[in-house]
Amino acid sequence: MRMLDEKLYDIYDEVLRRNPGETEFHQAVHEVLDSLGPVIAKHPQYADAAIIQRLCEPERQIIFRVPWVDDRGAVRINRGFRVEFNSALGPYKGGLRFHASVYLGIVKFLGFEQIFKNALTGMPLGGAKGGSDFDPKGRSDGEVMRFCQSFMTELYRHLGEHTDIPAGDIGVGQREIGYLFGQYKRITNRYESGVLTGKGITWGGAQVRTEATGYGLVFFVDTMLSARGDSFEGKRVVISGSGNVALHAAEKVHQLGGTVVACSDSTGYVVEEKGIDVELLKAVKQQHRGRIADYVAARGADAHLCLEGSIWEVPCDIALPCATQNELNGSDAAALIRNRCRIVAEGANMPTTPSAVKLLTEAGVLFAPGKAANAGGVATSALEMQQNASRDSWTFEHTEARLAEIMRSIHDRCLATADEYGAPGSYVTGANIAGFTHVADAMLALGLV
Ligand code: GLU
């Protein structure tokens, strides 16, 4: 990691001391602090009010037991989390992740990132994240429902459309949001649509929310390309993952004339020179909850399953890491550079390790950080909340046009801020500083709370 300037180093040291063992949280904080040197120099009022120290300490952290009964009648215990990080700009907002790897450090890194991502959307949203070490993979619908009901039986008291609004993340899609919403509705006796986003269309959900993170990512990259007089036409694209973000990113890349030549899941990756069949992959993954191997079997001779090596060795013009944190490391970055990849844009949260980011940016590869490039999901959640509040529903076309406009404006704001702070072309600096100053100014205005 690069050396921070002295004042920031002290703050970072204190974060390490107060949050032992939470390595992903440390990484997320370091990434932001790394950009803030010129901001502190220009605006001493932020340091005087200890804005950075306050930002690094969540406003509230909730950890709870989630007991449930599996299909065999055995009692199971998981741990639930909600970290309400910052509410200077609006009610706490951010997804829930259900995955075996979830612990406090993961939830805090995600919640911390969410503060700046949500600020970048320009919507009135605070930052939060939650989840559980429960893994829905291989669980029956009944087990998932009982888990979600137990999870919400504790969490509901901390939520509300003006207080805290969860959504999905890894392991939490429309099925889980449905069970969570049903239990919230039952306990509170309120049909409070705005308390969760990512709902089904017939029960308060918004058009485009399912597609939004992946589509938004591709709109962001499209703006990066068009700012340089280029387009997706004829581009080879590699996308890691095959969850909600990856599938919809692939769909939009194909619509814009690019070819997705590889994608993956935790068991391996598939390479197809003529392009992945996104409809088939969606059916395998979403309807049947299958694996990449099932897709390859259904596809026949055209697709090639790789169980060894890294997906980032597949030559491409554009790489979109859309799986999970720290999935693209230094040697992956070196392979991308060798193969003349031009753009890396993060669909997942913090998928690129710090050493990979350094290698890519030093080699002149354009790099778009997740807090800017994957903000389309939460931005469309804000559009869902707007529709819920006004008891309205918009068309797919209208909502998609709003999403595209939001992604363009995040892109432009990142570049303008990077210019202003002497780092022209750096999306990382632009995103961190634009997100930070937006929240910091609101925190100053609200006083020491
Ligand atoms: N989990 C998503 C993210 O990482 C969406 C959050 C939301 O819509 O609240 O931004």
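At R0 = 56 Å, how high is the FRET efficiency between Leu446 and Ala297 if r is their beta carbon distance? Nearest 0.05 is fine.
E(calc), rounded to 0.05, equals 0.50.
If you average over every viewing direction, what projected area does the convex hull of the Cα atoms of region 227-285 give, in nm²?
The orientation-averaged projected area of the Cα hull of region 227-285 comes to 4.2 nm².
With θ set to phi - 60° and the Karplus curve 6.51 cos²θ - 1.76 cosθ + 1.60, what are the ³J(HN,Hα) couplings of region 145-152 in order, to the nearest whole Hz, using x for Gly and Pro?
Values, residue by residue: 5, 5, 5, 4, 5, 5, 4, 6 Hz.
Give me the lysines in straight-line cross-link reach of Lys42: C-alpha distance below 20 Å, same-chain residues under 8 apart excluded.
Lys7
Testing the spin-label approximation: label points 7 Å from Cα along Cα→Cβ at Glu59 and Ala363. State their distance in nm.
According to this spin-label approximation, the distance is 4.2 nm.
Calculate for the chain the 222 nm mean residue ellipticity that helices alone would give, adding -39,500 (n - 2.57) per DSSP H run of length 4 or more and normalising by residue count, nearest 500 deg cm²/dmol.
After summing the helix terms and dividing by the residues of the chain, the value is -14000 deg cm²/dmol.
Take every Cα pair under 8 Å in region 221-340 that's 6+ residues apart, average their separations, divide by the length, and report that relative contact order as a whole percent.
Over region 221-340, the number comes to 28 percent.
Do you know the relative contact order of region 19-177, to the nearest whole percent, from alpha carbon pairs under 8 angstrom that are 6+ apart?
Over region 19-177, the number comes to 26 percent.
Evaluate the relative contact order of the chain (contact order divided by residue number), counting alpha-carbon pairs under 8 angstrom at least 6 apart; express in whole percent.
15 percent
Quick check on the chain: take the gyration tensor over C-alpha atoms, sort the square-rooted eigenvalues as a ≥ b ≥ c, and tell me if it's rounded (a/c under 1.5), prolate or oblate. Don't jump to the answer; show the numbers that get you there.
Values: a/c = 1.42, a/b = 1.01, b/c = 1.40.
Verdict is rounded for the chain.
Calculate the spin-label point distance for Glu161 paired with Lys274, positioning each point 7 Å from the Cα along the beta-carbon direction, and give it in nanometres.
Here the modelled spin labels are 5.0 nm apart.
Shape of region 199-260 from its Cα gyration tensor (a ≥ b ≥ c, root eigenvalues): rounded if a/c is under 1.5, otherwise prolate when a/b > b/c, or oblate? Can you show the working numbers first?
Numbers: a/c = 2.92, a/b = 1.87, b/c = 1.56.
Taking the square roots of the gyration eigenvalues as a ≥ b ≥ c, region 199-260 is prolate.
Find how much the distance from Ser231 to Ile187 grows on full extension, using 0.36 nm per residue of separation minus their present alpha carbon separation; answer in nm with one decimal. Walk me through the numbers before you get to the answer.
Working: separation 44, 0.36 × 44 = 15.84 nm, distance 5.00 nm.
Fully extending the segment from Ser231 to Ile187 adds 10.8 nm.
Report ³J(HN,Hα) in whole Hz for each residue of region 349-361, in order, from the Karplus equation J = 6.51 cos²θ - 1.76 cosθ + 1.60 where θ = phi - 60°; Gly and Pro get x.
8, 6, x, 9, 5, x, 5, 5, 4, 4, 4, 5, 5
Going down the table (Lys93/Lys371; Lys129/Lys199; Lys252/Lys282; Lys137/Lys274), which pairs top 22 Å between alpha carbons?
Over 22 Å Cα-Cα: Lys137/Lys274.
Kindly rank 66-74, 335-343 from highest to lowest mean number of other beta carbons found within 10 Å of each residue.
Going from most to least packed, we get 335-343, 66-74.
Place a +1 charge on the Cβ of each Lys and Arg in region 360-421 and a -1 charge on the Cβ of each Asp and Glu, then give the dipole magnitude about the Cα centre in debye, rounded to the nearest 20.
160 debye
Based on the Cβ-Cβ distance from Glu308 to His43, what FRET efficiency comes out when R0 is 56 Å, to the nearest 0.05? Can you show the working numbers first?
On the way: r = 50 Å, r/R0 = 0.89.
Calculated value: 0.65.
For the chain, modelled as a Gaussian network with Cα springs under 10 Å, which listed residue fluctuates most, Val208, Val221, Val284?
Val284
Read the figures in this text as sums done on the coordinates, not as results from a lab. Please read all numbers here as calculations on a predicted model, not as lab measurements. All Cβ positions, even for glycine, are placed from backbone atoms using ideal geometry, and neighbour counts span all protein chains on display.
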